[in-house]
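No lab work stands behind these numbers, since they all come straight from the coordinates. Predicted model only: the values in this text are computed from it and were never measured. Using ideal geometry, Cβ is built from the backbone for each residue, glycine included, and neighbour counts are taken over all protein chains shown.
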Amino acid sequence: MQAYLLSEQYNTSLLAENSAACPANATICNGTSCVLSEDNFNQILSTILSAVLTVMLALVMFSMGCNVELQKFWGHIKRPWGIFVGFLCQFGIMPLTGFVLSLAFDILPIQAVVVLIMGCCPGGTASNIVAYWVDGDMDLSVSMTTCSTLLAMGMMPLCLYIYTKMWTDVNAVVLPYDSIGLSLVALVIPVSFGMYVNHKWPRKAKIILKVGSIVGAVLIVIIAVVGGILYQGSWTITPKLWIIGTIFPATGYCLGFFLARLAGLSWSRCRTVSLETGMQNSQLCSTIVQLSFSAEELELMFTFPLIYSIFQLLFAGLILGAYRVYRRHWVKTNTDIEKTEQKEDPKSTPSRANVNGGFVSNEDK
């Protein structure tokens, strides 16, 4: 009887200790590492913010469409060399990079799966906003995002079947085709209206574009902050996933740029392909992960989409900053020198920038 009472006291003290470490509504608890069940307030907040952000994103994509010319956009569709290069980067480089990183760092199978899901996702709409700020080819950017989202319905299952079958049953991964379809509709309709406005009222389109580009930059920050607010669970994650989350987007940016340059694309299109490759639809990845795995499995993998999202935005900001500094100082000085040379010798050959497809050529603007 005395032993039983001691045992009860021990269990009571242990329960009190765990209660102090983790909230009462935690579904998984390992010391101070917890996964919380979604409460009603969080669900309501998530629904409201999702509706607001969806409307804002549609308005931003409408403004991005105001910089797209129908003739040039249709030209990319009829001669899809740039789209094809982007396709190779999106569904060739990224899944293969995720596979190599998973093997190199020897992470758990369930963690390797989430890395590969991220690599197989199509490009996100944030790439269109950043492409505008780095003077990318907006016609190519929008067409690449549209085509990658559309092709994702077939390419994602194929890539996941090829790369994940050594770690898990591919049937265990649930692809939310409705979410992919909604992303496609949310992209195509606003951009189409923006293209129409640009065709009918080009002056007003420029004003809308300037306002929308600023709102888009703010929207990227808001989405990152909202993701942190709604992310109420806190648990220890292996440093390997942090390292992979850092290397993965950087590799996508670099390989996308070099492959586009190797294919003979102009500098502006190289920057566009680079951003479309490195910036993935992390919200879609999070949705797939939540639909496909149990709470115990989510403990080991759910934070990776957030990690990737943070570092893809960080590197995109560095690319933008470096480009702006480069354009302000180096390109401006070069252009001034070339103008001076042309004044001194009117019969001289065209400037180097126009010959090699540099920053001030018509193709690169």
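Structure values in brief
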read-out: Inter-label distance, nm, simple model (7 Å from Cα along the C-beta direction), LYS165/VAL185; value: 3.4 nm
read-out: FRET efficiency for LEU262 and LEU158, using Cβ-Cβ distance with R0 set to 22 Å, rounded to 0.05; value: 0.35
read-out: Order by protection proxy (mean Cβ within 10 Å, highest first), peptides 260-270, 77-87; value: 260-270, 77-87
read-out: Cα-only Debye scattering, region 124-170: base-10 log of I(q)/I(0) at q = 0.22, 0.32, 0.33 Å⁻¹; value: -0.73, -1.05, -1.08
read-out: Proximal charge balance of LEU255 [Cβ under 13 Å; K/R count +1, D/E count -1]; value: 0
read-out: For region 245-291, Kirkwood radius (reciprocal of mean inverse C-alpha pair distance, Å); value: 11.4 Å
read-out: Directionally averaged projected area (convex hull, Cα atoms, region 102-190), nm²; value: 6.8 nm²
read-out: Computed label-point distance, nm, for sites SER294 and SER192 using a 7 Å Cα→Cβ extension; value: 4.4 nm
